[in-house]
Amino acid sequence: MPTFEYAPAPESSAIVDIQPSYGLFIDGEMVDPIDGSRFKTVNPATEEVLSEVAAAGPRDVDRAVTAARAAYQSTWSQLPGRERGKYLFRLARLVQERARELAVLESIDNGKPIRESRDVDLPLVAAHFFYYAGWADKLGYAGVGPDPRPLGVAAQVIPWNFPLLMLAWKIAPALAAGNTVVLKPAETTPLTALAFADICRQADLPPGVANILTGAGETGQALVEHPGVDKVAFTGSTEVGRAIARSVAGSRKKVTLELGGKAANVVFDDAPIDQAVEGIVNGIFFNQGHVCCAGSRLLVQESIADELLDRLKRRLATLRLGDPLDKNTDIGAINSSAQLDRIRELSHAGELEGAERWSPPCDLPDRGWWFPPTVFTGVTQAHRIAREEIFGPVLSVLTFRTPAEALEKANNTPYGLSAGVWTDKGSRILWMAQRLRAGVVWANTFNRFDPTSPFGGYKESGYGREGGRHGLEAYLDV
Ligand code: NDP
């Protein structure tokens, strides 16, 4: 097969203006942290320091929650829904207007390819604000009673894999429902949340309605444990999710947890193989595999396994890894050295346990944190790489013979966030979808998102739903 060389097509970073340091966004203003603590945020593709960001301490958390409470009582919960909707439409339009800048900033701070931040993350961020803007004056029709009331102040803690998109998933429904928010972005990806703080100012959002506190895990803990908080919304690891569930148990706080996953992507022998290969690639190599609903376990019917793996490997050899700002790049940088260590450790465990490891020839840049697309075959259900969330570009392949065996293997996981089914038969899709214990089941596609569609998990993948009108319920007193 001929291979084509691509000339580099770098997106310019001149459109972003990264300040040398940032404060906290509290009550509509950027303020310094009370104890003056700061930490660095780094470009994972180059290891360059991008900026110094404030680390919010308990007193800052208290200030932000107090500001959110005052804004809730004096303005936001008093505004008619159509007025709140206008602000949300304004935020949505400003996100669209500044989409290129936000996409570049996201790729610089997170390491994800510009193609993805530009074509997936940012359009979805705007779509979430537009979608929930439309609900703000129609809450009585959301199916949760004729006159649902907001909860109050929402504490929201988000991870680093989709920084701005997770912010949108959290802030848009909360504000549409009439709550005010205090949001903590992940320590390694604070910059787009700080750009969003600027967008709130541009939109003239009343002070205190949305507050952004940067910081590490302790800031998140102080925020979710603050007694002035009425609602906790968390996306991240199962371990931290459990700790949060324990810490708020017995309090009046309403909680939604969106945690990890180990999704099965099930390919039957009658599936369109080329489309399935694209779906497998999109399922696990999109966003370097830093995706909670990633199709990290490929279950392929034994009779087509060799052919499918052959085609998959040929396809993987065409993926381009490197500069996230290059528009040709398919696989960007791993977000942090800690995450890279975890991916390496689990991949090593896969080899030790006897699975066969394969990666296409792939030069890794000298600086930054990188991991090549990797496929493990000969994986059994007992292997750690079949059970634990790797959260990296690593696919574990298992085979099956019958639909019942596929189903049993797919459901043999402590998680239950998503799954994929590839087959020509509609009846088989329905049979599988009814029996798979997963919040989202994709049929002949994978990793498709839409603000109208609820998303969330079973078992250790958490509880509650985000997205759609179900996502509103989590922010309403019903
Ligand atoms: P965490 O769960 O630690 O981080 C998620 C968010 O919670 C971050 O903002 C984090 O802050 C914050 N946080 C950390 N500790 C606490 C606490 N005790 N109370 C409240 N908030 C807290 O995920 P990691 O970044 O450590 O990733 C570890 C693993 O988690 C990954 O390898 C992956 O398997 C999984 N993961 C799953 C995600 C998903 O979408 N389901 C997303 C991210 C990770 P800080 O960033 O400062 O640590």
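The values are calculated or read from the model by the stated rules, or taken from the named source; none is laboratory data. Note that the structure is predicted; figures quoted are calculated from it, not measured. Every residue, glycine as well, gets a Cβ built from its backbone with ideal geometry; the counts of neighbours run over all protein chains shown.
Quick rundown of the values:
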| item | result |
| --- | --- |
| Filtered residues of segment 250-277 (kept if at pLDDT 95 or above, among the small types (Gly, Ala, Ser) and within 16 Å of the ligand (Cβ to nearest atom)) | GLY261, ALA263 |
| Selection from segment 44-75 of residues that are under 30 Å from LEU364 (Cα atoms) and surrounded by fewer than 21 Cβ atoms within 10 Å (Cβ to Cβ) | THR46, GLU47, GLU48, VAL49, LEU50, SER51, GLU52 |
| Test: residue in segment 206-214 that is closer than 28 Å to TYR22 by Cβ, within 13 Å of the ligand (Cβ to nearest atom) and part of a strand (DSSP E or B) | yes |
| Enumeration of residues in segment 404-425 that are within 16 Å of the ligand (Cβ to nearest atom) and either more than 12 Å from LEU298 (Cβ to Cβ) or part of a helix (DSSP H, G or I) (or both) | THR413, PRO414, TYR415, GLY416, LEU417, SER418 |
| Residue match in segment 219-231 (condition: buried (at least 21 other Cβ atoms within 10 Å of the Cβ), within 9 Å of the ligand (Cβ to nearest atom), among the hydroxyl-bearing types (Ser, Thr, Tyr) and within 23 Å of ARG118 (Cα to Cα)) | no |
| Sole residue being outside the structural domain of LEU340 (by TED's automatic domain parsing), in contact with a helix residue (DSSP H, G or I) (Cβ under 7 Å, 6 or more places away or on another chain) and without any contact (Cβ under 8 Å) to a residue 24 or more places away in the chain, chosen from ASP119, ASP147 | ASP147 |
| Segment 144-164, residues that are within 27 Å of the chain's Cα centre (by Cα) and more than 30 Å from ILE114 (Cβ to Cβ) | VAL144, PRO150, LEU151, GLY152, VAL153, ALA154, ALA155 |
| Test: residue in segment 285-301 that is away from the ligand (no atom under 16 Å from the Cβ) and in a loop (DSSP other than H, G, I, E, B) | no |
| Unique match (being surrounded by fewer than 24 Cβ atoms within 10 Å (Cβ to Cβ), within 12 Å of the ligand (Cβ to nearest atom) and assigned by TED's automatic domain parsing to the domain that holds TYR72) among TRP160, TRP169 | TRP160 |
| Identity of the residue in segment 346-375, of a type in the set (D, E, K, R) and surrounded by fewer than 16 Cβ atoms within 10 Å (Cβ to Cβ), that ends up nearest to VAL394 (Cα to Cα) | ARG357 |
| Those residues of segment 325-347 which are more than 15 Å from the ligand (Cβ to nearest atom) and within 30 Å of THR380 (Cβ to Cβ), in sequence order | ASP330, ILE331 |
| Which listed residue, of ARG401, ARG428, ARG435, ARG387, is at pLDDT 95 or above, more than 21 Å from VAL120 (Cα to Cα), surrounded by fewer than 22 Cβ atoms within 10 Å (Cβ to Cβ) and within 16 Å of the ligand (Cβ to nearest atom) | ARG387 |
| Residue list for segment 437-461, restricted to those being over 14 Å from the mean Cα position of the chain (by Cα) and either of a type in the set (S, T, N, Q) or within 17 Å of GLN156 (Cα to Cα) (or both) | ASN444, THR445, THR452, SER453 |
| Residues (within 16 Å of the ligand (Cβ to nearest atom) and not in a loop (DSSP other than H, G, I, E, B)) located in segment 358-384 | THR374, ARG384 |
| Odd one out for SER453, checked against (1) among the small types (Gly, Ala, Ser); (2) closer than 30 Å to TYR72 by Cβ; (3) assigned to a loop (DSSP other than H, G, I, E, B); (4) in contact (Cβ under 8 Å) with a residue 40 or more places away in the chain | (4) |
| Filter result for SER237 (near the ligand (Cβ under 10 Å from one of its atoms), touching a Gly at 6+ places or on another chain (Cβ under 8 Å) and among the hydroxyl-bearing types (Ser, Thr, Tyr)) | yes |
| Cβ pairs under 9 Å, 6+ apart, first in segment 4-31 and surrounded by 11 or more Cβ atoms within 10 Å (Cβ to Cβ), second part of a loop (DSSP other than H, G, I, E, B) and acidic (Asp, Glu) | PRO8/ASP323; PRO10/ASP323; GLY23/ASP32; LEU24/ASP32 |
